[in-house]
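Below is one structure, written out as structure tokens, with a few remarks after it.
The values are calculated or read from the model by the stated rules, or taken from the named source; none is laboratory data. None of these values were measured; they are calculated from a predicted model. No Cβ is skipped: glycine too gets one built from the backbone with ideal geometry, and neighbour counts run over all protein chains shown. Calculation scope for accessible area: heavy atoms of the full protein, side chains included, ligands and nucleic acids excluded. Shrake-Rupley method; radii C 1.70, N 1.55, O 1.52, S 1.80 Å.
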Amino acid sequence: MSISRFAPIARLAATLCFATPAVAGTTYDAVDPMIGTGGGGHTYPGASAPFGMVQLSPDTDTGCVIRACYAHAAGYQYGDPTIQGFSHTHFSGAGHSDLGDFLVMPVSGKTVPLEPGDPARPGSGYRSGFDHKSEIAHPGYYAVTLGDAHVRAEMTAGTRIGVHRYTFQPDADAHLVFDLRSSLYNYPGKTLWSSIRLQPDGIVTGCRQTRGWAPDRVLCFAMRFSAPLTDHAFVDTDANVVYRGFQGPGRGTDALAEKAGRALVARFDFGKLARPLEVKVAISSVDEAGAIANLDAEPGDFEAIRAKTKAAWQTALGAIDLQAPAPMEANLATALYHALLAPSVASDADGRYRGPDNAVHTATGFTFRSTFSLWDTFRAEHPLLTIIQPQTTTSDVVRSLVASQQESPFGILPVWQFQGRETWCMIGYHAVPVIADAYLKGIGGFDAKQALDAMVASATYGPYGDLADYMKLGYVPIDKEPEAASKTVEYAYDDWTIAQMARRMGRTDIAATFEKRAQNWRKTFDFKTGWVRARLSTGAFRAPFDPVSIQYGSDYTEGNAWQYSWFMPQDEGGLVTALGGGAKTVAKLDAMFDYDDSKLDYSNSEDIAGLIGQYIHGNEPSHSVAYLYSYAGEPWRTQERLKQIVDSQYKPTPDGLAGNDDLGQMSAWLVFTGLGFYPVTPGSLQYVIGRPFVERATLNLPDGKHFTVVTDGLSDAHPYVGSVTLNGKPLAKGFITHADIMAGGALRFTMQATPDKTWATATADRPFSTTPYPR
């Protein structure tokens, strides 16, 4: 891909980590929202406020179906030649999709097509070609020139609103197409019903009910224009619909015009305009009244909203001041930006939200958050937020998770939830470590007893993921439940975090139960072969066994034995012992990274990307593995592998993410790794030291303190850590604690050309493990 075609990041043409000198500026200035919009990154370039309810972004193709749509999971794919329109909801980096709600597209001229048309046939519909040279993307702002429509389109967003600004040619008739049929992963029958109405004051409102990744999802809107309508039309393109059933929550009775149906599209006419047309849109999962209130809660024109959101991004991104070589600075700043997009606000300005029971609830004293990709984000995304957003976002997240458990028809915590609706995607009960990690770090604002009760309820709900057999046998049997090996080790880690929180609270009965369950990884570990394997109800390991096999619904979740045989973060010392000691553990780690995968075909599994041998950085089970050399007593090997991973998996270009960002997890991994440490075991209060990729970075902590990372001798010629000091004193241990960071201070690295094979190698200096390391 030619980066010269893309003006906003032309200065970042060099992609080697240490190829160019550092560029002065703020973290906000270094962000490039186009990173990850091509390839498999699945990020979007459009406008959103930090954790905003609205993600207003261009969609380049919404006509694909399920797996054929994988590359368009975020709506936008950098290689596409046309833009279909601008919709208001998107996931950042998800491996699946939904959303793409309420698509708006400007049209110029006498005729107004109501179908998007074929991207291969210019002029066949309302979609338009565009040139990347015309695009501008900054946090909270996106702009592009629509070549076929001859319109300059600009987007910004507030917390619950999106604001469009369209500049038409002075002699052109200005129109908008508003398509309620359009969705991401728009398979037949996804839209169950929709409604639209023009209110006497000129506001357009309506709702839509969809059946997608999340079943029976309701979303409403309110839309206000800066210019009066000269005409309009509401059209149902499904002539076979019988008008009954869903009409939309909060339906008005005095609309000037209204329509309900399964396939609605609207046309709004404005005549010739002397100034740009602004369109302000608010959404609500509750009702139209909530959308109108959200619209009114954020007053101001386009420039006012843009300025307010820019200031909000400058504050949020200002949590970390970065100084690094230009490509790395762009990578890290953008990674931080992506980590601050979700979990998103899901409650209205008045606190109301739609919960997992599809009923309306009110959040009192907190903002209800949703968009939880917890299987991914418990690893680094949420631990990052405990540092930079502890008493705001993290506290809200915990209260939202617990509220969802109380409102769930099954009485369990969210698994993969958005807009309050559960998808049941992925495995584990990983809301548990998110809550436990926050509590153990002293983050308050929630009822700890209520939270612990919710955690225990989730971990003991037998029908979920065959927890019934897990509690009886100590493992999930593969003849009863698919992906049993993965589920067993992930349940065991989650159980350990319950035990940690319970013990801190003095609930020794709960702690004892879950400490025992935390050792269940041993029940699925084959001590003869050194692999985590699936077992049958009889106790026998399932055969035949192939450690490189990756199949959906097999023994593992989006991975194989190579990735999952390392997942016991609460007890890596026990694993080192099981593998025969540090040297044999290092040999197996090397075998993983150095595996010849040239003859393997993983094309049947979309999430398998970013391979380095059998290390798969584009998917989360591998994310802690490079740090495990430190647990085996060779931290300099961690330093080598981190350099290999960072150089090959991240670059400041549209195709710069090796795999989908998964709601910030890929990005949070880079933020931590760039700073020189990583939370291998959330709940342990430790961060394992790797090696830094910044010259200097300052964490501006919420209480006014500062924690600074300084690197002397950073260069490609110096890949190894020569020495580490914490607050001026030599650091012998291979980790720092959460308390070290939050107290403020300085972590200084001195880099060198050769490895130090003595630092942090003693068993007493290695990171946390529930069982001792072998001597």
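Given a cut-off of 25 Å, name the pairs among LYS487/LYS516; LYS441/LYS705; LYS449/LYS480; LYS259/LYS308; LYS528/LYS588; LYS523/LYS588 whose C-alpha atoms lie farther apart than that in the structure shown. Those over the limit are LYS449/LYS480; LYS259/LYS308.
Taking each DSSP H run with n ≥ 4 as -39500 (n - 2.57) and averaging over every residue of the chain yields -7000 deg cm²/dmol at 222 nm. Contact order, relative form, for the stretch 130-238: 12 percent (alpha carbon pairs under 8 Å, 6 or more residues apart, mean separation divided by residue count). Rounded, prolate or oblate: which one fits the stretch 671-775, using the alpha carbon gyration tensor with axes a ≥ b ≥ c (rounded when a/c is under 1.5, else prolate when a/b beats b/c, else oblate)? Because a/c hits 1.5 or more and a/b fails to exceed b/c, the stretch 671-775 counts as oblate. On a per residue basis, the stretch 323-393 carries 20 Å² of accessible surface, using protein heavy atoms and a 1.4 Å probe.
Placing unit charges on the Cβ atoms of the charged side chains and taking the dipole of the stretch 282-395 about its Cα centre, the candidate lying farthest along the positive direction among GLY290, ILE320, LEU340 is ILE320.
Ligands, DNA and RNA left out, the accessible area of the chain computed with a 1.4 Å probe is 53% carbon and sulfur. The alpha carbon gyration tensor of the stretch 401-522 gives principal lengths a ≥ b ≥ c with a/c of 1.5 or higher and a/b no greater than b/c, which makes the shape oblate.
One decimal place: the segment SER648-VAL360 gains 99.0 nm when fully extended, by the rule 0.36 nm per residue minus the C-alpha distance. Here the relative contact order of the stretch 514-573, from alpha carbon pairs under 8 Å that lie six or more residues apart, stands at 26 percent. Under conditions of 25 °C and 0.890 mPa s, the chain yields 92 µm² s⁻¹ as its translational diffusion coefficient, taking Rh as the Kirkwood radius over Cα pairs in the Stokes-Einstein equation. Loop-resident trypsin sites (Lys or Arg not before Pro) (DSSP state other than H, G, I, E or B) in the stretch 566-663 with no more than 12 further Cβ atoms inside 10 Å of their Cβ: LYS599. A simple spin-label model places pseudo-atoms 7 Å from Cα toward Cβ; at LYS523 and ASP171 they are separated by 7.8 nm. Once the 1.4 Å probe is applied to the protein heavy atoms, the stretch 440-512 comes out at 34 Å² accessible per residue. Between ASP546 and TYR187, residue separation times 0.36 nm minus the direct Cα-Cα distance comes to 125.7 nm.
With protein chains left intact and a 1.4 Å probe, residues in the stretch 89-128 average 33 Å² of accessible area per residue. Across the stretch 633-639, computed HN-Hα scalar couplings (Karplus, 6.51 cos²θ - 1.76 cosθ + 1.60, θ = phi - 60°) run x, 10, x, 5, 6, 4, 4 Hz from first to last residue, x flagging Gly and Pro.
For LEU600, the amide hydrogen comes within under 5 Å of no other amide hydrogen, counting only partners 5 or more places away or on other chains and with H modelled in the peptide plane. Here the Karplus curve 6.51 cos²θ - 1.76 cosθ + 1.60, taken at θ = phi - 60°, turns the phi angles of the stretch 309-320 into couplings of 6, 4, 5, 5, 5, 4, 5, 5, 6, x, 4, 9 Hz, with x standing for Gly and Pro.
Extension gain, GLN752-LEU256: 0.36 nm per intervening residue step, less the Cα-Cα distance, totals 171.2 nm.
The distance between label points at ALA311 and GLN450 comes to 3.3 nm (points 7 Å beyond Cα on the Cα→Cβ vector).
How about the stretch 416-457: which chymotrypsin sites (Phe, Trp or Tyr not before Pro) there lie in a loop by DSSP and see at most 16 other Cβ atoms within 10 Å? Of the chymotrypsin sites (Phe, Trp or Tyr not before Pro), the ones in loops of the stretch 416-457 whose Cβ has at most 16 other Cβ atoms within 10 Å are TRP424.
Summarising the strand pairing of the stretch 672-775, around 75 percent of its internal DSSP beta bridges are antiparallel. Between SER598 and ASN700, the distance separating the two model label sites (each 7 Å from Cα on the Cα→Cβ line) works out to 5.0 nm.
Among 693-700, 557-564, 41-48, 274-281, the peptide with the highest mean count of other Cβ atoms within 10 Å heads the list, and the full ranking is 41-48, 557-564, 693-700, 274-281. Sequence gap at least 6, Cα distance under 8 Å: using those rules, report the relative contact order of the chain to the nearest whole percent. Across the chain, relative contact order equals 13 percent. Taking θ as phi - 60° and the Karplus parameters 6.51, -1.76 and 1.60, the scalar couplings of the stretch 463-477 work out to x, 7, x, 6, 4, 4, 6, 4, 5, 7, 9, x, 7, 8, x Hz in sequence order, x denoting glycine and proline.
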